[in-house]
Amino acid sequence: MASSSSSSSAGLAASPARVGVVQMTSVGDLDANYSTCSRLTKEAASAGVKFLCFPEVFSFIGSKDGESIKIAEPLDGPIMQRYCSLAKESSMWLSLGGFQEKGPDDSHQYNTHVIIDDSGEVRSSYQKIHLFDVDVPGNMVYKESRFTTAGDTVVAVDSPFGRLGLSVCYDLRFPELYQRLRFKHQAQVLLVPSAFTKVTGEAHWEILLRARAIETQCYVIAAAQAGKHNEKRESYGDSIIIDPWGTVIARLPDRLSTGFAVADIDLSKVEAVRTKMPISEHRKFDSNWKTSSL
């Protein structure tokens, strides 16, 4: 397996690219979480990883309502700039999912997925569109919209590792977003940083991720929060990387440990799968269908 990738302005890797997917248990301490992220980034760099993907709310998970609003910052603020410096020092691209970006007013934030390149520059950002307002059976009631404003823009960005389609956690349940990323924005790699609950993760996590890979013929990299963050909140874990055929090609030995899994992604496999099964030529949803209702 190759240990590095070569850049391409067209978003196509000329050779297999080594990527990593992180699993961690964030807490309500910015410095503690950064220390974990920094350690994992340096370990990944030593393993030849050139693109490392972190889970949703990697930098902070509070134990009380509204805590994240207090630490929310713009993308050029000191929290994100610290991670930009980490990317530059490590010569590594970073996917930072679920950053608490300062919102449109003092009582709201954006849940933002940020892509940083190996020179420490923010290449792209995506504000989570689908907010988690759910009463989870046997668990608890979540209302993300109390403190978070939804985004309204689908985002894909070129990288040396392919064209990246950005999403966050609950977006995973809405396949039309990923269809648009594939067929309207030409994504080859879908990123799904998450903090799935234990209940929903056990039921649906891997199934949904593999479905998104199969129906878009994309690689899927899904970094996950894992374990108990505080007395109120627990995440499912199970960070995984899936190929365009829907096969899991990397995951940690267990779904609760802190660490990262590594895989080499080869974009020629994306093209091979799409050529053998040309669903882009067969799909009909852009046609003018007749409708009938009773």
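Across segment 177-252, how large is the tail of the calculated P(r) beyond 13 Å, expressed as a percent of all Cα pairs? Before the final figure, lay out the partial values.
Numbers: 1832 of 2850 pairs.
For segment 177-252, the share of Cα pairs beyond 13 Å comes to 64 percent.
Would you mind getting the accessible area per residue of the chain, heavy atoms of the protein chains only, 1.4 Å probe, in Å²? Intermediate results must be reported in sequence, preceding the final value.
Numbers: 13140 Å² over 294 residues.
It amounts to 45 Å² per residue over the chain.
Please compute the net charge surrounding residue 121, taking Lys and Arg as +1 and Asp and Glu as -1 over other residues with Cβ under 13 Å from its Cβ. Each step should come with its number before you reach the end.
Numbers: positive: 88, 123; negative: 76, 117, 118.
It works out to a net charge of -1.
Of 183, 161, 273, which is farthest on the positive side of the dipole of the chain, counting Cα position, with +1 on Lys and Arg Cβ, -1 on Asp and Glu Cβ, and the Cα centre as origin?
Toward the positive end, the furthest listed residue is 273.
What fraction of the DSSP beta bridges in segment 103-179 is antiparallel, stated in percent and rounded to the nearest 5?
Antiparallel bridges: around 85 percent, rounded to the nearest 5.
For segment 117-169, what is the relative contact order in percent, using Cα pairs closer than 8 Å and at least 6 residues apart in sequence?
On the way: 55 pairs, mean separation 17.5, N = 53.
Answer for segment 117-169 is 33 percent.
I'd like to compare 46-54, 254-262, 141-149: which one has the highest average count of other Cβ atoms within 10 Å, and what's the full order after that? Please list the in-between numbers first.
Values: 46-54: 23.0, 254-262: 17.2, 141-149: 15.4.
Result, highest mean first: 46-54, 254-262, 141-149.
State whether segment 149-216 is rounded, prolate or oblate according to the following rule on the C-alpha gyration tensor (a ≥ b ≥ c being the square roots of its eigenvalues): a/c under 1.5 gives rounded; otherwise a/b larger than b/c gives prolate, and the remaining case gives oblate.
Numbers: a/c = 1.90, a/b = 1.54, b/c = 1.23.
Since a/c reaches 1.5 and a/b is larger than b/c, the shape of segment 149-216 is classed as prolate.
So what's Rg/Rh here for the chain, counting alpha carbon atoms and using the Kirkwood radius for Rh?
Rg/Rh for the chain comes to 0.96.
Given the peptides 22-32, 219-229, arrange them by the average over their residues of other C-beta atoms within 10 Å, most packed first.
Values: 22-32: 19.0, 219-229: 25.5.
With the highest mean Cβ count within 10 Å placed first, the list reads 219-229, 22-32.
Looking at the chain only, what percent of DSSP beta bridges run antiparallel? Nearest 5 please. Before the final figure, lay out each step's value.
Numbers: 36 of 55 bridges.
If we restrict to bridges inside the chain, about 65 percent are antiparallel.
Name the shape class, rounded, prolate or oblate, that the alpha-carbon gyration tensor gives for segment 22-116, where a ≥ b ≥ c are the square roots of its eigenvalues, rounded holds for a/c under 1.5, and otherwise prolate holds if a/b is larger than b/c and oblate otherwise. Write down the numbers at each step before the final one.
Details: a/c = 2.34, a/b = 1.73, b/c = 1.35.
The shape class here is prolate.
Express the relative contact order of the chain as a whole percentage, based on alpha carbon pairs under 8 Å and six or more residues apart in sequence. Let's see the in-between values first.
Details: 722 pairs, mean separation 59.7, N = 294.
Reported relative contact order: 20 percent.
Would you work out what percent of the accessible area of the chain, with all protein chains in place, is carbon or sulfur (probe 1.4 Å)? Please list the in-between numbers first.
Working: 6560 of 13140 Å².
About 50 percent, which is the carbon plus sulfur part of the accessible surface.
At a threshold of 8 angstrom on Cα-Cα distance, excluding pairs fewer than six apart, so keeping six or more, what relative contact order does segment 74-199 reach in percent?
Details: 242 pairs, mean separation 25.3, N = 126.
Value for segment 74-199: 20 percent.
By its C-alpha gyration tensor, with a ≥ b ≥ c as the square roots of the eigenvalues, how is segment 28-187 shaped: rounded for a/c under 1.5, else prolate for a/b larger than b/c, else oblate? Mind dumping the intermediate values first?
Details: a/c = 1.71, a/b = 1.18, b/c = 1.45.
Oblate, since a/c reaches 1.5 and b/c is not below a/b.
To the nearest 10 Å², what's residue 247's accessible area with a 1.4 Å probe?
For residue 247, the solvent-accessible surface is approximately 60 Å².
Which entries in the list 128/232; 102/228; 228/269 go over 32 Å, if you measure between the two C-alpha atoms of each? Can you show the working numbers first?
Numbers: 128/232 23 Å; 102/228 26 Å; 228/269 37 Å.
Too far apart for the 32 Å limit: 228/269.
For a quick check: with amide H placed at 1.01 Å from N, whose amide H comes under 5 Å from residue 120's, ignoring anything fewer than 5 positions away on the same chain?
HN-HN under 5 Å from residue 120: 88.
Report the charge-dipole magnitude of the chain in Debye, nearest 20, computed about the Cα centre from +1 at each Lys and Arg Cβ and -1 at each Asp and Glu Cβ. List each step's numbers first, then the result.
Working: 32 positive and 35 negative charges, 139 e Å.
Dipole size: approximately 660 debye.
The values are calculated or read from the model by the stated rules, or taken from the named source; none is laboratory data. Keep in mind that this is a model prediction, so the values were computed, not measured. Counting neighbours? That spans all protein chains shown, and the Cβs are built from the backbone with ideal geometry, glycine included. Surface accessibility is based on the protein's heavy atoms, side chains included, excluding ligands, DNA and RNA. Shrake-Rupley method; radii C 1.70, N 1.55, O 1.52, S 1.80 Å.
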